[in-house]
Amino acid sequence: LRDTTPSGVPIDLAVHIDDLKKRLAAIEDNHRKDPEVMFRLSIAWEDLGDPEAALRCLNASIEHGDLRPEAFRRRIQLSRLAGDEQSHAVADATQILSSGDATYQDVLTAVTTLKRRDAPALQGLTRLLGFQSLSIQDRARLAERLLASDTLSVMSSVVDSIPVEGTDGEAADHVGLCLMGLGRYDDARSFFLRTAAGLESLDAFHAFNGA
């Protein structure tokens with residue numbers, strides 16, 4: 001007698017997983033209009049490696065009133081995993097950026113999605129509530145990600161939203177590097193002067209350029 005499935009999964013575990021899937025399907029049938037239950041089911045299906053079922057539950061959650069940025073972020077990510085055409089990707093990203101409850105990860109996913117689709121909404125990023133709710137540290141992290149992806153016009157507006165006063169430590173270093181990438185060396189110096197690591201970066205830059 002075999003003690004594993006043809007794919008190598010122990011039979012006891014396979015039976016347990018099959019039973020769990022049946023219970024999840026039953027819960028889904030009974031609670032299709034409950035956005036919180038459907039959101040949690042979506043997470044459970046994703047954990048079981050079924051992005052299509054996870055996306056189906058998440059769509060139901062959003063359809064019945066779940067407007068959390070996390071829900072739209074997960075739908076963008078699950079659509080990609082499920083091979084969906086993401087016809088709603090731009091709308092979901094825009095929804096995230098219109099929310100004052102968006103986290104850094106939510107905003108990063110939205111920005112990445114809009115950049116990939118060259119969406120005009122990205123040009124007005126700093127005017128959107130989702131961006132404005134980010135901390136200085138998260139804005140600096142986002143600016144560096146935009147620098148790495150060569151989205152310089154948007155990145156410039158992001159760093160311009162970050163004040164020198166009150167920006168210290170790693171955030172100041174991130175902003176200084178971004179400003180250097182834009183060729184704005186005097187502005188970069190203002191941020192680098194606020195941290196020891198930044199001063200080292202500035203010294204290295206001057207040494208490289210023979211200053």
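The values are calculated or read from the model by the stated rules, or taken from the named source; none is laboratory data. Just so we're clear, the structure is a prediction, and the values are computed from it rather than from any experiment. Here the Cβ is made from the backbone with ideal geometry for all residues, glycine too, and neighbour counts use every protein chain on show. Protein only, heavy atoms only, side chains kept; ligands, DNA and RNA dropped before computing areas. Shrake-Rupley method; radii C 1.70, N 1.55, O 1.52, S 1.80 Å.
Is the shape of region 59-134 best called rounded, prolate or oblate, per the rule: a/c under 1.5 gives rounded, else a/b larger than b/c gives prolate, else oblate, with a ≥ b ≥ c the square roots of the Cα gyration tensor eigenvalues? Taking the square roots of the gyration eigenvalues as a ≥ b ≥ c, region 59-134 is oblate.
Modelled label positions at Asp168 and Asp47, each set 7 Å beyond Cα in the direction of Cβ, lie 4.0 nm from each other. With all protein chains kept in place, the per residue accessible area of region 71-129 amounts to 47 square angstrom at a probe of 1.4 angstrom.
Against the empirical 2.2 N^0.38 Å scaling, what ratio does the C-alpha Rg of region 12-80 come to? If you can, show how the numbers build up before the last one.
Working: Rg = 11.9 Å, N = 69, 2.2 N^0.38 = 11.0 Å.
Taking N as the residue count of region 12-80, the ratio is 1.08.
Listed peptides 167-178, 26-37 appear in the order 167-178, 26-37 once ranked by packing, highest mean of other Cβ atoms within 10 Å at the front.
Taking the Cα centroid of region 138-184 and of region 100-118, what is the distance between the two, rounded to the nearest whole Å? Here the two parts' Cα centres lie 16 Å apart. Extents of region 13-156, taken as max minus min of Cα coordinates on every principal axis and listed largest first, are 54, 28, 27 Å.
Expressed as a whole percent, the accessible area of region 30-118 that falls on carbon and sulfur atoms is 46 (1.4 Å probe). Stretching the chain fully between Ser161 and Ala26 yields a gain of 43.7 nm (0.36 nm per residue, less the alpha carbon separation).
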